[in-house]
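Worksheet: one structure, shown below.
The values are calculated or read from the model by the stated rules, or taken from the named source; none is laboratory data. Remember, predicted model here, so these are calculated numbers, not experimental data. Backbone-built Cβ (ideal geometry, glycine too); neighbour counts: all protein chains shown.
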Amino acid sequence: MAPVITVGHLRKTYGDTPAVDDVSFTVEAGEIFGILGPNGAGKTTTVECLQGLRHADAGQLDVLGLDPRRQTAQLRRRIGAQLQDSALPERIKVWEALDFFSSVGRGGGDWRRTMAEWGLGEKANASYGSLSGGQQQRLLVALSVVNDPEIVFLDEMTTGLDPAARRVAWDLIKAIRDRGTTVVLVTHFMDEAETLCDRLAVIDRGRVIALDTPRGLVTRHGGEVTLSFTSDLEDLAWMAELEPVGTVARSGRVVTVRGVGPVVALVAAGLVARGEAPADLQVHRATLEDVFLALTGGAP
């Protein structure tokens, strides 16, 4: 099956400043594809070019078989978006916003159904300004999917939310994907990317510097894994001979092992085979944030 989004060597400059400089990636149907990077990396500009909101200077863009630069009107009837600075008039009512957005879509979505699905029925007559932060996000996401888009773009949708509201937003993103919609999620939150995304493109200074699953990024770029446990075994030479093991150190009964790849599985299997199953075995491996900082050299 062909990707629903193909980006090849995308470039966008503002004056002499390149915002996006040779970005390439693909997005498969039905996945949550994350775009991760520090502020100013080019994330928002990239997705705005994909939606036809900005005109790319160069490169290949294909979204649902359409070129956003030439077929913007056709494309917008098939996608949804919750933009970085999304907001509504303070006095507009929930049902009015949903009714209006459904009327401008490709087929006129069932806004009453969407309102119920997203838990907004009891707030139908409430004004946007009276909603809590989590409820506002719920409404903005509902507006982005009211016409059953094939792809929805979500740009920094949890910025400024408290932890409870962020969790609500995460559930909404998963629900969108479960409905069959492909999600492109722009974020700079590591926990959000790790929890939600099937694959991640890390963008820094306008370029894609890594592309993989969250776990794949940690495995490829996370460096050594450290194990520590207590052991009464006198002979640890077998452990040092395991291919993934780099170093083995002992301090009293506490053993510390460092290595890469499947070091945890091999060391644990070796211990069990020798009659030991340490209950205090602890594993420290790099997090996605560690990998991000190593790749970009800066704060998220």
Worksheet entry | Answer residue from region 165-207, given it is modelled with pLDDT under 90 and of a type in the set (Lys, Arg) and is nearest to Pro149 (Cα to Cα) among those | Arg179
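Conditions (1) assigned by TED's automatic domain parsing to the domain that holds Tyr14; (2) over 30 Å from Ile176 (Cβ atoms); (3) touching a helix residue (DSSP H, G or I) at 6+ places or on another chain (Cβ under 6 Å), marked per residue:
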position: Glu192; (1), (2), (3): yes, no, no
position: Leu242; (1), (2), (3): no, yes, yes
position: Val248; (1), (2), (3): no, yes, yes
position: Thr256; (1), (2), (3): no, yes, no
Worksheet item: Would it be correct to say that Ala87 is assigned by TED's automatic domain parsing to the domain that holds Leu196, among the small types (Gly, Ala, Ser) and under 30 Å from Pro18 (Cα atoms)?
Response: yes
Worksheet item: Out of (1) farther than 20 Å from Ala97 by Cα; (2) in a helix (DSSP H, G or I); (3) out of contact with any strand residue (DSSP E or B) (no Cβ under 8 Å at 6 or more places or on another chain), the odd one out for Ala193 is which?
Response: (3)
Worksheet item: Tell me, which residue of region 142-181 that is β-branched (Val, Ile, Thr) and assigned to a loop (DSSP other than H, G, I, E, B) is surrounded by the most Cβ atoms within 10 Å (Cβ to Cβ)?
Response: Val146
Worksheet item: Based on what the data block shows, is Asp22 crowded, with 17+ Cβ neighbours inside 10 Å and acidic (Asp, Glu)?
Response: no
Item to complete: State all residues of region 122-140 that are part of a helix (DSSP H, G or I) and loosely packed, with under 15 Cβ neighbours inside 10 Å; if no residue qualifies, say none.
Response: Glu122, Gly129, Ser130
Worksheet item: Counting only residues that are under 19 Å from Glu224 (Cα atoms), in contact with a strand residue (DSSP E or B) (Cβ under 8 Å, 6 or more places away or on another chain) and not β-branched (Val, Ile, Thr), how many does region 236-256 have?
Response: 7
Worksheet item: If you scan region 1-22, which residues turn out to be under 16 Å from Leu185 (Cα atoms) and either assigned to a strand (DSSP E or B) or modelled with pLDDT under 95 (or both)?
Response: Ile5, Thr6, Val7
Practice prompt. State all residues of region 196-220 that are under 30 Å from Thr13 (Cα atoms) and in a helix (DSSP H, G or I); if no residue qualifies, say none.
Written response: Pro214, Leu217
Item to complete: Would you please name the residue that is modelled with the lowest pLDDT, looking only at residues in region 103-161 that are farther than 25 Å from Gly65 by Cβ and of a type in the set (Lys, Arg)?
Response: Arg138
